[in-house]
Amino acid sequence: MDFDYSDKVKALQEKLSRFMDENVYPNEETYTRQVGEGDRWAPVPIVEELKQKAKDAGLWNLFLPASEHGAGLTNLEYAPLCEIMGRVSWSPEVFNCSAPDTGNMEVLDKYGTAEQKKQWLTPLLDGKIRSCFAMTEPAVASSDATNIESRIERDGDHYVINGTKWWSSGAPDPRCKLFIFMGKTDPNNPDRYRQQSMIIVPRDTKGITIKRWLPVFGYDDAPHGHAEVAFENVRVPKENLLLGEGRGFEIAQGRLGPGRIHHCMRSIGAAERALEKMCKRAKSRVAFGRPVAEQTVTLERIAEARIAIEQARLLVLKAAWMMDKVGNKAAKAEIAMIKVAAPNMACKVIDWAIQVHGAGGVSDDFGLANSYAHQRTLRLADGPDEVHRNQIGRLELRKYN
């Protein structure tokens with residue numbers, strides 16, 4: 001395995017890092033201030049301004065591998081770039097590389113018809129609209145996707161959709177123009193993995209109601225946000241179905257593999273930023289007559305943080321390398337491992353950084369509390385730790401059959 005970055009990737013890393021230094025880090029306070037002004041759910045002016053700069057710089061849609069619409073990067077090539085973006089929670093949107101749009105664009109690019117791509121993928125790629133992935137439901141344990149109860153029923157030239165979804169990220173955003181909705185078309189199919197389908201639902205379709213916004217540890221994540229959404233007798237044309245009836249689970253697996261590695265690299269970026277803040281704070285604070293950085297417990301935590309970050313990064317790069325070489329299915333153990341390892345590592349590192357900052361660490365002054373909330377959420381998003389650990393354990397036991 002060769003994880004050395006190519007000259008192409010090194011050039012992009014340098015370009016992206018320079019863009020972050022010149023445009024993103026200096027505007028973190030501006031972003032926070034603008035979100036708090038007026039309508040919190042309106043697009044943030046500084047993000048819209050920086051999007052155009054990112055386009056002009058050629059730092060746009062970097063995430064799409066093996067596609068005419070993206071930068072043509074492999075998973076291994078994109079991973080270090082994703083890490084850089086992950087250093088600031090809102091920066092991936094600047095480069096049109098933020099979830100759930102990335103996953104939805106991958107679905108449309110891989111499984112969509114020509115008409116679906118023209119209507120939905122093109123404006124998403126241009127950053128003109130945003131989208132939502134509606135899969136998780138409040139009434140069932142959605143970590144097991146076969147539990148999904150929402151229905152997609154054929155009625156002539158239309159499908160009728162009924163169900164309630166929650167943690168539908170992006171639904172409250174006024175720029176959200178479509179849902180990719182997962183529900184059951186054939187609940188009696190003996191094959192539990194052929195009961196589900198996915199369908200495109202335009203946001204303005206009659207029968208869609210946003211019941212409430214869902215905060216995460218008190219953060220509303222405006223203007224993107226998460227919502228509980230009711231779908232009541234929502235009718236969409238049959239042409240909106242993706243790939244075919246009974247193919248929803250297949251699409252979900254194809255969607256979640258790349259998404260998980262994106263989350264993990266962003267987690268590493270968040271951990272790196274937390275360690276950076278931890279070290280600066282430790283060197284500037286004096287307690288009991290000497291800098292906090294000289295306290296043994298702090299030195300130990302800084303060392304353990306560096307070790308943990310390096311371990312997680314190497315595991316993620318291995319997973320990315322395998323995805324490129326042998327495909328997502330063959331790399332499922334590695335993908336599951338990083339999905340457990342990276343957010344847990346980030347939570348630990350950010351927690352240590354909070355401790356070094358003292359009471360200020362749990363405030364909004366340093367961004368650590370928000371970062372921790374996001375990383376803790378990732379231990380549930382795209383499958384909870386327990387599901388991935390179970391899969392890893394079963395795969396390990398198979399070696400001894």
So for region 96-112 (the condition being over 24 Å from Phe231 (Cβ atoms), over 14 Å from the mean Cα position of the chain (by Cα) and either free of Cβ contacts under 8 Å to residues at least 40 places away in the same chain or crowded, with 21+ Cβ neighbours inside 10 Å (or both)), does at least one residue qualify? no
I'd like the full set of residues that are surrounded by 15 or more Cβ atoms within 10 Å (Cβ to Cβ) and outside any strand (DSSP E or B), limited to region 148-185. Ile148, Ser150, Trp166, Trp167, Ser168, Ser169, Gly170, Ala171, Pro172, Asp173, Arg175, Thr185
Those residues of region 356-388 which are in a helix (DSSP H, G or I), within 19 Å of Asn147 (Cβ to Cβ) and out of contact with any helix residue (DSSP H, G or I) (no Cβ under 6 Å at 6 or more places or on another chain) amount to Glu386, Val387
Region 173-194, residues that are within 18 Å of Thr102 (Cα to Cα) and acidic (Asp, Glu): Asp173
Among all residue pairs at least 6 apart or on different chains, which show Cβ distances below 7 Å where the first residue, located in region 323-346, is at pLDDT below 95 and the second is of a type in the set (A, V, I, L, M) and not in a helix (DSSP H, G or I)? Met323/Ala331
Look through Lys238, Lys184 and report the one residue that is in contact with a strand residue (DSSP E or B) (Cβ under 7 Å, 6 or more places away or on another chain), among the basic types (Lys, Arg), outside the structural domain of Thr377 (by TED's automatic domain parsing) and within 30 Å of Met337 (Cα to Cα). Lys184
Please go through (1) more than 27 Å from Gly36 (Cβ to Cβ); (2) touching a strand residue (DSSP E or B) at 6+ places or on another chain (Cβ under 9 Å); (3) surrounded by fewer than 20 Cβ atoms within 10 Å (Cβ to Cβ) for Ala287 and return the number of the only condition it doesn't satisfy. (2)
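The values are calculated or read from the model by the stated rules, or taken from the named source; none is laboratory data. For clarity, every value in this text was computed on a predicted model and none was experimentally measured. Positions of Cβ are generated from backbone atoms using ideal geometry, with glycine treated the same way; all protein chains shown enter the neighbour counts.
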